[in-house]
Amino acid sequence: MIREIIKEGDEVLRKVCHKVERFDFRLHSLLDDMYETMKESDGVGLAAPQIGILRRVVVIDIGDGKIELVNPEIVKVSGEQTGQEGCLSCPGKWGIVTRPMKVTVKAQDRYGKEIKIKGTELLARALCHEIDHLDGVLFLDKATFEDKE
Ligand code: CO
């Protein structure tokens, strides 16, 4: 089911999300809805608070297939990259953000099994951006804009 994407300015996007404890059908339908909603909007990542659910759940697809992360944590970073970034909650806004070049993330899958994922370049950027959402952080907080309004 396609959900409504919450836009910047809504306080929900500034909350710290709760850890997922139950890996049940509700979580699975949340993950399915998030993926569908992200695809519909041509996004490469979506975090649960962006559809109003304050849980530590993220989906990413940079074109290499679906990645589902429950309770993700960045455990290692290295290098640096500076590039353009946007967000489905901030339509029409693009800013320059510096992120690590490589990240390692520890998380759980939809069944609660521990997984580890390594990302470089765009995937590293997406992982950082989406995990930030779970702590109420938007890319706008870290971005510089060429045309300040
Ligand atoms: Co975003």
Check your understanding: Can you give the calculated 222 nm mean residue ellipticity of the chain, where each DSSP H run of n ≥ 4 adds -39,500 (n - 2.57) and the sum is split over every residue, rounded to the nearest 500 deg cm²/dmol?
Key -> -6500 deg cm²/dmol
Point to revise | Cα→Cβ-extended label distance, 7 Å offset, between LEU54 and LYS39, nm | key: 3.0
Exercise for review: Please count, across the stretch 19-147, the pairs of lysine residues with Cα atoms under 22 Å apart that sit 8 or more places apart or on different chains.
Suggested key: 26
Exercise for review: Sticking with the crude label model, points 7 Å out along Cα→Cβ, report the distance from LYS93 to ILE62 in nm, one decimal please.
Suggested key: 2.3
Revision key, fill the gap. One finds the C-alpha centres of the stretch 117-145 and the stretch 51-103 to be spaced, in Å, by 4
Check your understanding: Among ARG99, ARG22, ARG125, whose mean-square fluctuation peaks in a Gaussian network model of the chain (Cα, cutoff 10 Å)?
Key -> ARG22
Review point. In whole percent, what relative contact order does the chain give with Cα contacts below 8 Å and a gap of six or more residues?
Key: 25
Practice item. Taking the convex hull of the Cα atoms, report for the stretch 86-149 its projected area averaged over all directions, in nm². Key: 5.1
Review point. What is the distance, in nm, between label points placed 7 Å from the Cα along the Cα-to-Cβ direction at ILE2 and at ASP32?
Key: 1.8
Check your understanding: Lone cysteines in the chain, going by a 4.7 Å Cβ-Cβ cut-off?
Key -> CYS17, CYS128
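How big is D for the chain, in µm² s⁻¹ as a whole number, if Stokes-Einstein is applied with the Kirkwood radius of its Cα pairs at 4 °C and 1.567 mPa s?
Values: Rh = 15.3 Å.
So the translational diffusion coefficient is about 85 µm²/s.
Given a Förster radius of 22 Å and the C-beta distance between THR120 and LYS142 as r, what FRET efficiency does 1/(1 + (r/R0)^6) yield to the nearest 0.05? Provide the component values of the computation, followed by the final result.
Values: r = 19 Å, r/R0 = 0.87.
Using R0 = 22 Å, I get an efficiency of 0.70.
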Practice item. Answer with one residue from SER41, LEU13, VAL57: the one whose Cα lies farthest towards the positive end of the charge dipole of the chain, charges on Cβ with Lys, Arg +1 and Asp, Glu -1. Key: VAL57
**Study point:** Net dipole in debye of the chain [+1 Lys, Arg Cβ; -1 Asp, Glu Cβ; about Cα centre; nearest 20]
**Key:** 600
Point to revise | Amide N of the stretch 7-47 lying under 16 Å from the label point, which is placed 7 angstrom from the Cα of GLN84 along Cα→Cβ | key: 43-44
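Values in this text are rule-based calculations from the coordinates and carry no lab data. The structure presented is a predicted model; accordingly, all values stated were derived computationally and were not measured. Every residue, glycine as well, gets a Cβ built from its backbone with ideal geometry; the counts of neighbours run over all protein chains shown.
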